[in-house]
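Trainee: Here's a structure for you.
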Amino acid sequence: MRALTVEPGRAGSGAVRVVPEPVVAEGEVLVDVVRVGLCGTDAEIERGEYGRAPDGADVLVIGHESFGRVARDAGSLKAGTPVVASVRRPDGCPNCLLGEQDMCLWGGFLERGIEGLHGFCAERFAERPEYLFAVPETIADVAVLLEPLTISEKGWRHISVAQRRMTVWEPRAAIVAGGGPVGILAAVKLRLQGLDVTVVERRHKPEKEALLARIGAGYAATSVTPLAAVAARSKRIDVVIEATGTSAIAFECLRLVGANGAVILTSVTGAGRSSLLPADLINQNLVLDNILVLGVVNAKSDDFRQGIADLAEAERRWPGFLSTLITRRVPLADAASALPHDPSQIKTVVEVGP
């Protein structure tokens, strides 16, 4: 079968290659892939920055944002059932044993399409049923957005628990730094929670501003309005979600949130960049205002289930909005050409099957 692959550690090695058919072990489910989303992680793996093939394999099948259909009846999953797969697989630590591999203690986890396991950008894959999430047909066309949405689902779940540190917390205003798929989906989550949301990115894009207006979210560009000035428009910013991929912006976000607020950091940034920061002011703000700072990566089953509910609610409330986030579709044969980041696109997906 055909698959989008890389030779880990070799920059520019992305190619559609013929790879062996998946071996369906006892109890596993065979899934026919319909489409796979591409993101910055895939681009970084293709640049050779990280990624590891399964033991004994020369190439790694990439792609971790999946959508497919069950190929044949497997237990309660019937042929044709639309499904999305989670990404991380446990290593046996106490948290992993409780289904929280997103909070792994030992670091020996594996990740589909990233670390030690083949991903989903192939014609078929096999998976354990506990890592598959059936989605309703009403959101099948946009279910490929579920995995990137789960980042914000986890972040919101965590701050909701952590903010019980105080008797009253009634968040009203939020800033999302970053206008890519993760940022826009974060804005969707926050709007569904009833918050006033402003999405901020570097360059002004009128089409992005109009798009976000459809869900009642504001928009600003730092090339026109500094981040601090955006924050000053509200009496107080209660939540900031950072999704820019830039460490300098991540630290600047720590200065935006008001008293008792929360900052969620989602970007995995490179280790070679340094910045001059007002460290004393940042520290003073965090301490005197009781600021909560959370880093978020990956997600657990609860986040996938809530994400399914939120995609359905977003589709009901803002019909057609989610589908507009998929701005580029390429066939599997041309998938390698779509790996480099294209700032003119929001979400690129590879159309694998019917």
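Trainee: Could you list all residues from segment 112-128 that are buried (at least 23 other Cβ atoms within 10 Å of the Cβ), under 17 Å from the mean Cα position of the chain (by Cα) and part of a strand (DSSP E or B)?
Mentor: Within segment 112-128, just R112 meets the criteria.
Trainee: If you take the residues of segment 1-46 that are among the hydroxyl-bearing types (S, T, Y) and modelled with pLDDT of 95 or more, which of them is surrounded by the most Cβ atoms within 10 Å (Cβ to Cβ)?
Mentor: So in segment 1-46, the residues among the hydroxyl-bearing types (S, T, Y) come out as 5, 13, 41.
Right, trim to modelled with pLDDT of 95 or more and you get 5, 13.
Values: T5: 28, S13: 17.
The qualifying residue surrounded by the most Cβ atoms within 10 Å (Cβ to Cβ) is T5.
The rows are residues; the columns are (1) in contact with a strand residue (DSSP E or B) (Cβ under 6 Å, 6 or more places away or on another chain); (2) part of a helix (DSSP H, G or I); (3) not hydroxyl-bearing (S, T, Y).
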residue	(1), (2), (3)
E130	no, yes, yes
F133	yes, no, yes
S152	no, yes, no
T167	no, no, no
R191	yes, yes, yes
G216	no, no, yes
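Trainee: Is at least one residue of segment 55-70 out of contact with any Pro (no Cβ under 7 Å at 6 or more places or on another chain), free of Cβ contacts under 8 Å to residues at least 40 places away in the same chain and part of a loop (DSSP other than H, G, I, E, B)?
Mentor: yes
Trainee: Name every residue in segment 304-354 that is modelled with pLDDT of 95 or more, outside any helix (DSSP H, G or I) and acidic (D, E), in order of residue number.
Mentor: E351
Trainee: Right, another one. Among the listed residues A243, A231, identify the single one that is at pLDDT below 95, crowded, with 19+ Cβ neighbours inside 10 Å and farther than 30 Å from L132 by Cβ.
Mentor: Working: A243 fails: farther than 30 Å from L132 by Cβ.
The unique qualifying residue is A231.
Trainee: May I pose another question? Out of V33, V24, report the one residue that is within 25 Å of A140 (Cβ to Cβ) and assigned to a strand (DSSP E or B). Explain how you work it out, then say what you get.
Mentor: Values: V24 fails: assigned to a strand (DSSP E or B).
Exactly one residue qualifies, and that residue is V33.
Trainee: Checking the conditions here, which among R112, R157, R164 is farther than 30 Å from I346 by Cα and of a type in the set (D, E, K, R)?
Mentor: Details: R112 fails: farther than 30 Å from I346 by Cα; R157 fails: farther than 30 Å from I346 by Cα.
Every option except R164 fails the conditions.
The values are calculated or read from the model by the stated rules, or taken from the named source; none is laboratory data. Quantities reported herein were computed from a predicted structural model and do not represent experimental measurements. Backbone-built Cβ (ideal geometry, glycine too); neighbour counts: all protein chains shown.
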